[in-house]
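Read the structure below first, then the notes.
What follows draws every value from the coordinates through simple rules; no lab data is involved. Predicted model only: the values in this text are computed from it and were never measured. For neighbour counting, all protein chains shown are included, and Cβ atoms are generated from backbone atoms with ideal geometry for every residue, glycine included.
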Amino acid sequence: MFDFIKSDSYPEFAKNAQVIIICMFIGVAAAALISLYHKHVLGSFVRFLLESGAKDEGSAIKLNTTKYNKNFFVRAAINNGRTYSAVLRSVLPEGAPDLSKLPAKEKRRAKSEILSGSGYYIPEELTFRADNMFSKKGTSVVSALLGVLLFLIIAAVSLMVVPQIVDMFKNFTGLQ
């Protein structure tokens, strides 16, 4: 498929340029997928909290009262703590056990119960940030696919043109 990469007629730096172009394409495609995941999957929970008016501890919404209680991706993002940390705050349920004092077997079940029973909210001062980070604006499946397709075309043209430019450079300078 990529026979032109293995060609012995090109110097090593031309082969490296082709590998770099392919890696850049893979990076752009991965970035598009990650952006869609954040905006559509994880963003739906943030948008739900914003629409529900969960702006302080008193109006916090418990995860187990929402459709997101069984959503693996939302639960993992909350449990992870990094994805939502910039905007999401939580209120532990009353009587939550101290996890450090529990045996290992009970710790996992207790963590899951605490996660489900905790209330989540987005403070008023972070609503603008939450809306910018997790809104659907600007990132749709169609725009992501068009971006990846456009970059694929650019990468394919670059893969065909780079060896020719290297040949021209070699002929011009007399380098072998």
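Classify the range 12-61 as rounded, prolate or oblate from the Cα gyration tensor: take a ≥ b ≥ c as the square roots of its eigenvalues, call it rounded if a/c is under 1.5, otherwise prolate when a/b beats b/c and oblate if not. Can you show the working numbers first?
On the way: a/c = 8.93, a/b = 5.10, b/c = 1.75.
Since a/c reaches 1.5 and a/b is larger than b/c, the shape of the range 12-61 is classed as prolate.
Do any trypsin sites (Lys or Arg not before Pro) in the range 50-153 lie in a DSSP loop with no more than 11 other beta carbon atoms within 10 Å, and if so, which?
Working: sites: 55, 62, 67, 70, 75, 82, 89, 101, 105, 107, 108, 109, 111, 129, 136, 137; in loops: 55, 82, 136, 137.
When the trypsin sites (Lys or Arg not before Pro) of the range 50-153 are filtered for loop state and at most 11 Cβ neighbours within 10 Å, 82, 137 remain.
Roughly what would the spin-label model give for residue 37 and residue 124, points 7 Å off Cα along C-beta, in nm?
Label-label distance for residue 37 and residue 124, simple model: 3.6 nm.
Efficiency by 1/(1 + (r/R0)^6): what FRET value for residue 19 and residue 170, r their Cβ-Cβ distance, R0 = 25 Å, to the nearest 0.05? Kindly include the intermediate steps, with their values, before the conclusion.
On the way: r = 19 Å, r/R0 = 0.76.
Efficiency, rounded to the nearest 0.05: 0.85.
In a shell of Cβ-Cβ distance under 13 Å around residue 102, excluding residue 102 itself, what net charge do Lys and Arg (+1) and Asp and Glu (-1) give? Numbers along the way, then the final one.
Details: positive: 101, 105, 107, 108, 109, 111; negative: 98, 106, 113.
Overall, the nearby charge balance is +3.
For the chain, rounded, prolate or oblate, judged on the Cα gyration tensor with a ≥ b ≥ c (square roots of eigenvalues), a/c < 1.5 rounded, else prolate if a/b > b/c?
Values: a/c = 4.10, a/b = 2.56, b/c = 1.61.
It comes out prolate by the Cα gyration axes.
Please tell me the relative contact order of the range 53-176 in percent, rounded to the nearest whole number, where contacts are Cα pairs under 8 Å and at least six residues apart.
Details: 91 pairs, mean separation 39.0, N = 124.
Computed value for the range 53-176: 31 percent relative contact order.
Grab the Cα-Cα distance for residue 110 and residue 67, subtract it from 0.36 nm times how many residues apart they are, and report the gain in nm with one decimal.
Values: separation 43, 0.36 × 43 = 15.48 nm, distance 2.04 nm.
So the chain would gain 13.4 nm between residue 110 and residue 67.
Which helices, taking whole DSSP H runs in the chain, have alpha carbons extending 30 angstrom or more along the helix axis plus mean Kyte-Doolittle at least 0.0?
Numbers: long enough: 12-36 (36 Å, 1.75); 141-173 (46 Å, 1.96).
Both cut-offs are met by 12-36, 141-173.
Using 0.36 nm per residue of separation minus the Cα-Cα distance, give me the extension gain between residue 153 and residue 79 in nm, one decimal. Mind showing how you got there, number by number?
Numbers: separation 74, 0.36 × 74 = 26.64 nm, distance 3.92 nm.
Extra length available between residue 153 and residue 79 comes to 22.7 nm.
Are there GluC sites (Glu not before Pro) in the range 85-176 that DSSP puts in a loop and that have at most 16 other Cβ atoms within 10 Å, and which ones?
Working: sites: 94, 106, 113, 124, 125; in loops: 94.
Counting only loop positions with at most 16 other Cβ atoms within 10 Å, the GluC sites (Glu not before Pro) in the range 85-176 are 94.
For n ≥ 4 DSSP H runs only, could you compute -39500 (n - 2.57) per run for the chain, divide by its residues and tell me the 222 nm figure to the nearest 500? Spell out each step's value before the answer.
Working: 6 runs with 99 residues, N = 176.
Calculated at 222 nm, the ellipticity per residue is -19000 deg cm²/dmol.
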